[in-house]
Every structure is written in C-alpha cells, then in structure tokens.
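J.: Let me begin by handing over the structure; questions about it come next.
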Amino acid sequence: MKLARTLGLASVLALSAGLAHADSTVRFWYHFDNADNPMDALITAFEEANPGITVEAENVPWNSYYDQLYTAIIGGNAPDAAMVKAFAQPRLVEMGALAPIDDWLASWDATAGLQDNLIDLVKGPDGNQYYLPVQYVVLYLYYRPDMFAELGLEVPTTCEEFREAAKALTRDTDGDGQTDVYGFGFRGSKGGHDHWASFVLGAEGVSLTEGLTSEAGVAGTQFVADLFQKDEVFPPSAPNDGFQEIIGAFKAGKTAMTIHHIGSANGMVEALGDNVSAAPVPECGGGRWTAFGDESTAVLSSAEDPVAAWKWISFLSSAGNNAKFNEATGQLPVVKADSESWTLHPQRFVQATVDSLPFAQMLPNSSETADFVNTIWPTAMQRVLTGDITAEEMNAEIAKLYGG
C-alpha cells in the first residue's frame, strides 16, 4: 500500500512539476539555536520572487523537534516542508510521510551546483531521493603546521605516515624529562567513535555491518590500541577524553593533531592564529573514511501544494540563499559557489571539508547505531586502550550488535 502511495505521489508530482497553486501557503518547520537568524529575510526574498506563495516558518526547539514532527504527522497536522536529519529518514519513509523529489532534482537547474556526493549521501533507504541537502559538516584532521615545519614533517596521507609523524611529534619540549606534547588527541570516551572509525572503516570490505572481525578490521582497532599502548602518542587521559578535552589540549599546544569538523575552526584560529591548519584524514587499510554531519529539507507527502513546498526548499539550497541560511548555523553551504566565497571560516578549513566529501560516510540508520554510539563503542574502546580486552574482542562485540 505504501509503495503504491509513493509511486502514485511520484506520478502526480511529475505531472504537476512547476505548477504551484495560484495562492499557496507553505508551512515550514526548522530548528535554529540562534534567535537572530535570517529566516525572515529569506522568506521576504522568496515571496517577492514567487508571488502567490506565502511561507509560514516555525522555529521548533531542537530538544522536542522530532517528537513534535512525528506527532504532527500521525495527527494529520504535519508541516508542508521541514528540516530533517538522516537518522530520521527510515522512520519517515516507513510512515509514508515524505514526498520523493527525484523528478524535481532532475529538472532543477541548480542540482549540478551542489557539492559532489551530497545527494548520494542522503539518498533514501528505498533508493528514492527525499532529502535536499541544506547544510553539512565533515570531519577532518587538524594539525599544527608550525610543529610539522620545525621537525621537517609532511602532513600524513596514510596511516603509516600518520604513526611516524605522531611519534616524532610526541616529545619533551622543555627538557624536564616528561612528555609535554603528544602527537594526537584521541577522543576515547563517548563521541570518539568517529576517531576510531577513521582508522578502521576505510579498509576494504570493513564496515560496522560487515568485515569487522576480518584480519583487516581487527588490524584497524589494533592500530589504534598500539598508538596508545606502544607508541604512547595519545595523552595518558585519552581513554576518558571527550570533546572538551581534545579541543582544549590542541588549543593549548599539548597535542599536535586531532580530528573534528569546521565547527571548531574559528576557536582554533582564535587560540593559535596561523599555527593551525587542516587536511583530510589519512588513508588506512587502502581507503579513507570520515564522518558526515547532515541537515536537509524535505517536502512532506501531506503538503497541500507540494510544488510550492519544493520551490521553497530548493530556494534555500540555491546559490546566495544557502549562504545566508548557513550564516546562522556555523555549518557549510551545500552550493559550490557559496563555498568558494564563504568567509565565516578561513578557507583552508572549507577546502579540507570539501576535499573530504568524496569519502565521507554516515553510520547505519538503525536502532543498533544508538547503542553503538552511546554504550558499546565507548565502553569497549576504553577497555581496549587500558588492556582489559583485545582488539579482536572489541570488534566481535560490535559485530554482534549489528547481527554479525
């Protein structure tokens, strides 16, 4: 029944492409923490360019956003369009709540101007396109170019180069016999799975759902363990370090490399000036893997005027408008031209993000992933780093969670 409904809706949308009603109202839900946001100005510009379409935008608090959205859908009072994240897509598709946008994308003259790989990253679980990217971040390697230059090191592009650089950068700089700079700030507590994944999931045939217990999968986790236990290139606090610790240590000059996204860039520059730069994470096991942070918009299947709703969300992902939208969020525009002229962050961090997009990935959209992120990974990683379990045992535990 849902498939028939989806196919029927797709046909209707294809026939009505470009034919918005003469007088339409698009109810749009979004979530911005910044109360001083550009939504009113964007709405004014859109309505001037699209006479007869009125946009009513509601800024819904993030901590209740999806509860309210699901409730509104079930109650028959859903908005016509909304901001959405990838983790919600499987449930929204199962509910029959989203309108496919494939035909609109195919005929939209701005599709080619979007950053490469974004459309594929947010493709629906059934192969249809429901999401239109509106902003994003990608994790990359932060490093200290001054320290690299001092030691005559090149920025690492492989795991082997990374290990050698991290060992060289781990040193006693004040001559008191104690290490005071470590090669890499590893996030060993909750949230650090993206660090681990960059060293493990790039290997051929290895993902959270397959290959983790293979020789290549175990070798990736062992590589991380060895960096801490044998090479001692992580601070001793690494098993318990979270976001604040890794960022604080890097800003303070206690680590020479770490991994995060552009959201930390301006704070890094404020602390370090030109002595901080960025590059894609190294290739490990024959490939690269880095985390993608998403935000998209979608047209709801219950929209009274789906064409008008599409016109609105595509307006938000168009050149110029998308830059204004992202000025309120601190994330990056999805339009190539807007990225090239972006000034909210230094361009070297924008470039590192764009360069990382071709191999950016998201974790599986499944209930198991919440357990992986919140409990299984942080507990197992801490136990590996402290020697309580082996790399093989850790990977087997994760594989079991995902049914392997």
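The values are calculated or read from the model by the stated rules, or taken from the named source; none is laboratory data. Remember, it's a predicted structure, so these values are computed and weren't measured experimentally. FYI the Cβ positions are ideal-geometry reconstructions off the backbone, even for glycines, and counts take in every protein chain you see.
J.: Could you list, in sequence order, all residues of the stretch 209-227 that are surrounded by 23 or more Cβ atoms within 10 Å (Cβ to Cβ) and in contact with a Gly (Cβ under 9 Å, 6 or more places away or on another chain)?
T.: Correct list: L212, G217, G220, L227.
J.: Can you tell me which residues in the stretch 236-271 are under 14 Å from F349 (Cα atoms) and of a type in the set (A, V, I, L, M)?
T.: I259, I262, A265, M268, V269
J.: Go through T25, T71, T44 for me and flag whichever is modelled with pLDDT of 95 or more, more than 23 Å from S366 (Cα to Cα), polar (S, T, N, Q) and assigned to a helix (DSSP H, G or I). Full working, then the answer.
T.: Working: T25 fails: assigned to a helix (DSSP H, G or I); T71 fails: more than 23 Å from S366 (Cα to Cα).
When all the criteria are applied, what remains is T44.
J.: Please work out which residue is farthest from the chain's Cα centre (by Cα), limiting yourself to the stretch 367-404 and to residues that are part of a helix (DSSP H, G or I) and among the aromatic types (F, W, Y).
T.: Within the stretch 367-404, the match that is farthest from the chain's Cα centre (by Cα) is W377.
J.: Still on this model: Of the residues that make up the stretch 335-358, is at least one within 30 Å of D23 (Cα to Cα) and assigned by TED's automatic domain parsing to the domain that holds Q89?
T.: Scanning the stretch 335-358, I find at least one residue that is within 30 Å of D23 (Cα to Cα) and assigned by TED's automatic domain parsing to the domain that holds Q89, so the answer is yes.
J.: Still on this structure, please answer the following. Got a number for residues in the stretch 116-151 being under 21 Å from A252 (Cα atoms) and either touching a residue at least 12 places away in the same chain (Cβ under 8 Å) or assigned to a strand (DSSP E or B) (or both)?
T.: Of the residues in that region, 11 qualify.
J.: Something else now. G152 versus (1) within 22 Å of G287 (Cα to Cα); (2) surrounded by fewer than 15 Cβ atoms within 10 Å (Cβ to Cβ): which is the lone unmet condition?
T.: (1)
J.: Out of everything in the stretch 59-91 that is farther than 18 Å from D294 by Cα and among the hydroxyl-bearing types (S, T, Y), what residue ends up being farthest from the chain's Cα centre (by Cα)?
T.: T71
J.: Select, from A271, A309, A265, the only residue that is out of contact with any strand residue (DSSP E or B) (no Cβ under 7 Å at 6 or more places or on another chain), surrounded by 19 or more Cβ atoms within 10 Å (Cβ to Cβ) and assigned to a helix (DSSP H, G or I).
T.: Result of the check over A271, A309, A265: A265.
J.: Can you name the residue in the stretch 316-342 that is part of a helix (DSSP H, G or I) and buried (at least 20 other Cβ atoms within 10 Å of the Cβ) and is also nearest to the chain's Cα centre (by Cα) among such residues?
T.: Among residues in the stretch 316-342 that are part of a helix (DSSP H, G or I) and buried (at least 20 other Cβ atoms within 10 Å of the Cβ), the one nearest to the chain's Cα centre (by Cα) is N326.
J.: Modelled with pLDDT under 95, surrounded by fewer than 21 Cβ atoms within 10 Å (Cβ to Cβ) and aromatic (F, W, Y) - does that describe any residue in the stretch 79-91?
T.: yes
J.: Determine, yes or no, whether R171 is of a type in the set (D, E, K, R), within 30 Å of N59 (Cβ to Cβ) and surrounded by fewer than 21 Cβ atoms within 10 Å (Cβ to Cβ).
T.: No: the conditions fail for R171.
J.: Further, regarding this structure: Might you check whether a residue that is at pLDDT below 95 and assigned by TED's automatic domain parsing to the domain that holds F148 occurs anywhere in the stretch 215-235?
T.: no
J.: Restricting to the stretch 118-149, name every residue that is surrounded by fewer than 19 Cβ atoms within 10 Å (Cβ to Cβ) and polar (S, T, N, Q).
T.: Across the stretch 118-149, the qualifying residue is only N128.
J.: Filter the stretch 191-219 down to the residues that are in a helix (DSSP H, G or I) and under 22 Å from the mean Cα position of the chain (by Cα), then identify the one that is farthest from F243 (Cα to Cα).
T.: The first filter runs over the stretch 191-219 and keeps only residues in a helix (DSSP H, G or I), leaving 193-200, 215-219.
Checking which are under 22 Å from the mean Cα position of the chain (by Cα) leaves us with 193-200.
Numbers: H193: 12, D194: 12, H195: 11, W196: 14, A197: 16, S198: 16, F199: 18, V200: 20 Å.
Here the residue is V200.
J.: So F186 fits all but one of (1) out of contact with any Phe, Trp or Tyr (no Cβ under 6 Å at 6 or more places or on another chain); (2) within 24 Å of D241 (Cα to Cα); what number is the exception?
T.: Of everything listed in (1) out of contact with any Phe, Trp or Tyr (no Cβ under 6 Å at 6 or more places or on another chain); (2) within 24 Å of D241 (Cα to Cα), F186 misses just condition (1).
J.: From G205, G192, G211, G177, which residue is touching a residue at least 40 places away in the same chain (Cβ under 8 Å) and either of a type outside the set (A, V, I, L, M, F, W, C) or not assigned by TED's automatic domain parsing to the domain that holds E150 (or both)?
T.: On inspection, the qualifying residue turns out to be G192.
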